[in-house]
Each structure stands twice: as structure tokens, then as C-alpha cells.
Amino acid sequence: MIPRRNRLLWMICLLTGHICAGYAQAAKPLITLKQIDPQFSSIVSKTAKAEILADGFLWSEGPVWVESYKMFLFSDVKKNVIYKWTKEKGKEVYLRPSGYTGTIPRGGELGSNGLGLNIKGQLVICQDGDRVVSIMDAPLNKPQPKFIKIAVNYKGKKFDSPNDLAFLSNGDIYFTDPPYGLEKNVDDPLKEAPYQGVYKIAANGKITLLTDTLTRPNGIGFFPGGKTILISNSDPLKPYWYAYDLDKNGLFTHGRIFYSANAAVKTAAGMPDGLKIDKKGHVFASGPGGLWVFSRAGKLLGKILVNDIVSNCSLSGDEKTLYVTSNHRVLKIALR
């Protein structure tokens, strides 16, 4: 049965002989739950619902929930803007420019990408266009495009395009550096390092290369306790999530594949991309088809299938709500 509100649109489609893509998308559920393990239903309710908070973006990314102001921040990487969403006012421009402060026109993913809050509660920004990691030099409730650069290069070579962030309680910041912000990607003549890296910014400002072996490092997050880190690799030839333990100096050890999406990338759109880990160690990771939910041990518990490509997600303070960046829109999923 076609819903009453969509019948007129459907009749127009039939009369004009055209396929209405908008109707097809509207008729398709925003999310579909796929339980693989019984534990999934204790994390994502069988009655979980999704709603579109806002749309009209070119590529939404880098979500972070700011509990102190009850606001959801996210990047539109191609528009060079950070947006804010609140229950009271909906979508608003939060910061412009967000990632590229140069004056020479350029294309590609030039804006901000990953966003996060450091131990001082400041907004830390992966600035793709400027190829740096910066802190916004302004209060969260009075944003200004003023930045303190905290990672500019490694041994004199510029980063490709810092992408996503993870934070330790001691003040150290870990970030991934794939080539997506360069206009010609890995073949861009401005690329300086012969690898894609994952780095650490120590609390004292020292930058350390942690690994140069991942082909497309992307999403990143710590498991509770800060002893193990998870990194997604957005490479169709190696669509893996990697786990590393940290030694006493915060360096990577015991690297291994946490989970492989080899089979899934052949049948569903999307790659291992952004991820978040809750206080119990459950992983919400964007991947082929939507969001994949893992146990801390690397067992796939289920999937939240989304009817568009998902780039990243962020949990609310009480972890009952998942905010999702999904292509040209952002979603809110009530988990339980």
C-alpha cells in the first residue's frame, strides 16, 4: 500500500512516464536493522528509529556531540563549513572557513573533516585544505575562524590532509592522514610524504609517526582504558579495521586485523570510514551498507543498514542516541 501522502507523487510519476527518484528514496526506510548476534538487541533496540535532522550538504563528515551545549557539530568537507544542529534552532552555520584559509581557489575536500574536544574542552579540527591539525582559538559558544596550529608537518614534510582524531586522557591526540584532501589524491604533485601515516601529538607538542603501513587510514578511536586503538582503512583492496595495542610510550605494538569487510565491499556501497566506541567497548563503525556494530573482541554483532553512504557517527552523552553523517544529510538514530 502506498502511503496517502505519497500517492499524488506516485500518480504524477505514472502519468509523466518518469521514475521519481525522490519518491523511491522517500519510500525506502532510513534504516534497517540486521541482527547477527543476540547481544545486538541490547545495544540497538529492535524499535530503534531514525530521522533526518538536516540535509543539503555536499559531503557531511567529522561529527561530534558537545554535551555541555547540547549541540551537534559536523563538517561539510566540500563547502569549507562546520555546521551546528540544536533541538531549538535546527541547522546553523557554526564556522566558516573551517579547513581552508588560503586565498587561491581550489576544489576537492578543502574544508574541515574530523572534529573533537581536547582535555581542555577546546574544539580540535582536522583541516584538510590547510593540511594541519588546529585548535579553534575561541570559546565553543562564540566560534571564530581563528586557529592555533598544533600539527603542521612531520620532519619538514607537510601532511596530506589530517582526517580524524582520537584523544587520550593524558592530553595526547592521535590522528590519521590519508590523501583525500589533496585535489588529485595520492597522485597530487603537492603530496610530500611517500606514505599515508598515523601520528601522535603529545601533550608537549612533539609529533611522532606511529605507522606508515596503512594504505588509507581513516576513522580512529580508543577502546575504554586507552590501551588499544582501532583504525579503519578506506581502501577497496584492503577494507579492514586494524587494532593496535599501545606500549608505555603510547606507541603502536601488536598490530592486527580487527575485522575484514572484503566480501561486503563487493555488494554494498561504502568503505570502513569513521567510527565511535562507547563506554562499554562496543564499536559503531561506518562501512559497506551503513553502520557495523562490533564487540570489543572483534565480533560482528549486527548492522544498522542505512539507505545512503555513511561517513561517520557520534554518540550523545548518555549514549542512547547516535548522530550520523550520511552523504548530503545528517541523521539522528534513537538506539534505545
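Nothing in this text is a laboratory measurement; each read-out follows from the coordinates by a stated rule. What you are looking at is a predicted structure, and each value in this text was computed from that prediction instead of being measured. Because the Cβ atoms are built from the backbone with ideal geometry, glycine has one as well, and the counts that use them run over all protein chains shown.
Taking other residues whose beta carbon is less than 9 angstrom from the beta carbon of GLY99, and scoring Lys, Arg as +1 and Asp, Glu as -1, yields -3.
So, counting K/R as plus one and D/E as minus one, what does the shell of residues with Cβ under 13 Å around PRO194 add up to? Its environment carries a net charge of -2. Listed from fewest to most Cβ neighbours within 10 Å, the set PHE72, PHE258 follows the order PHE258, PHE72. Residue exposure proxy: PHE57, PHE167, ordered by other Cβ atoms within 10 angstrom of their Cβ from fewest to most, comes out as PHE167, PHE57.
Among the listed pairs LYS206/LYS238; LYS120/LYS303; LYS91/LYS142; LYS248/LYS299; LYS34/LYS227; LYS227/LYS299, those whose Cα-Cα separation exceeds 24 Å are LYS206/LYS238; LYS120/LYS303; LYS248/LYS299; LYS34/LYS227.
Taking Cα centre as origin and charging only the Cβ of basic (Lys, Arg, +1) and acidic (Asp, Glu, -1) residues, the dipole magnitude of the range 29-334 rounds to 440 debye. Helix 4-16 and the long axis of the chain differ in direction by around 80°, with both axes built from C-alpha atoms. Remark: ASP188, ASP137 ranked as ASP137, ASP188, counting other beta-carbon atoms within 10 Å and listing the fewest first.
Between LYS89 and SER45, residue separation times 0.36 nm minus the direct Cα-Cα distance comes to 13.0 nm.
Structure note, pairs LYS78/LYS191; LYS28/LYS320; LYS200/LYS279; LYS46/LYS200; LYS149/LYS191: Cα-Cα distances above 29 angstrom occur for LYS46/LYS200.
Here's the picture: charge each Lys and Arg Cβ at +1 and each Asp and Glu Cβ at -1 in the range 86-170, and of LEU168, VAL152, GLY108 the one pushed furthest to the positive end of that dipole is VAL152.
For the chain, the calculated P(r) over all alpha carbon pairs, in 10 Å bins from 0 to the bin holding the longest distance, is 6, 26, 35, 23, 8, 2, 0 percent.
Distance from the C-alpha centroid of the range 279-303 to that of the range 66-130: 26 Å, rounded to the whole angstrom.
The string of couplings for the range 187-204 from the Karplus curve (6.51, -1.76, 1.60, θ = phi - 60°) is 9, 5, x, 7, 5, 10, 7, x, 8, 10, x, 10, 10, 10, 9, 6, 4, 8 Hz, one whole number per residue in order, with x for Gly and Pro.
Other residues lying with their Cβ under 13 Å from the Cβ of ILE36 contribute a combined charge of +2, Lys and Arg counting +1, Asp and Glu -1.
Extension gain for the segment GLU67 to THR208, taken as residue separation times 0.36 nm less the Cα-Cα distance, is 47.7 nm to one decimal. Helical runs assigned H by DSSP (4 residues or longer) give the chain a calculated mean residue ellipticity at 222 nm of -2000 deg cm²/dmol, each run adding -39500 (n - 2.57) before division by the residue total.
Taking springs between alpha-carbon atoms closer than 10 angstrom, which of SER169, SER75, SER232 fluctuates most in the Gaussian network model of the chain? Largest GNM mean-square fluctuation: SER169.
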